[in-house]
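The values are calculated or read from the model by the stated rules, or taken from the named source; none is laboratory data. Worth saying up front: this structure is predicted, and the values here are computed from it rather than measured. Here the Cβ positions follow ideal geometry from the backbone for every residue, glycine too, while neighbour counts run over all protein chains shown.
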């Protein structure tokens, strides 16, 4: 199984890694079918086990047992506790490395919704405590919109 504890050099040039986004939304991560495909190809059951999928016939299965051939039958995916089947309160891949610094332990292969989430570009006002937004004071947003 791949080592998921190594901290990447830089997880994002714009993110200050405060973990706020991941702590707020991390329990509702929904991977794409392509994410599942890649994790199946890579043998990443350490990631897959945290997701359950509903198939067309209404049966829910843990994604760690899915085969590539099953992916066309998936209609819904949810993050779930692999032990209890219940909902998680926080992303299981979020790791605190310092008092105010968090990293994604699966950063190189994290789901597309995590990879594409950039509140400092979108100007999300929900994150009043986001250091990246505060640091940019929304100037970053307007610079990118007007280019």
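Descriptive notes on the structure:
- Screening the stretch 33-94 for strands (runs of 3 or more DSSP E) wholly inside it with 3 or more residues that are in contact with a strand residue (DSSP E or B) (Cβ under 7 Å, 6 or more places away or on another chain), in contact (Cβ under 8 Å) with a residue 24 or more places away in the chain and under 20 Å from residue 113 (Cβ atoms) returns the ranges 51-55, 74-79.
Conditions tested, residue by residue: (1) in contact with a helix residue (DSSP H, G or I) (Cβ under 6 Å, 6 or more places away or on another chain); (2) surrounded by fewer than 17 Cβ atoms within 10 Å (Cβ to Cβ); (3) under 17 Å from residue 26 (Cβ atoms); (4) modelled with pLDDT of 95 or more.
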position	(1), (2), (3), (4)
38	no, yes, no, yes
44	no, no, no, yes
49	yes, no, yes, yes
54	no, yes, no, yes
68	yes, yes, no, yes
71	yes, yes, no, yes
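- Residue 97 outside any helix (DSSP H, G or I), more than 22 Å from residue 130 (Cβ to Cβ) and at pLDDT 90 or above: no
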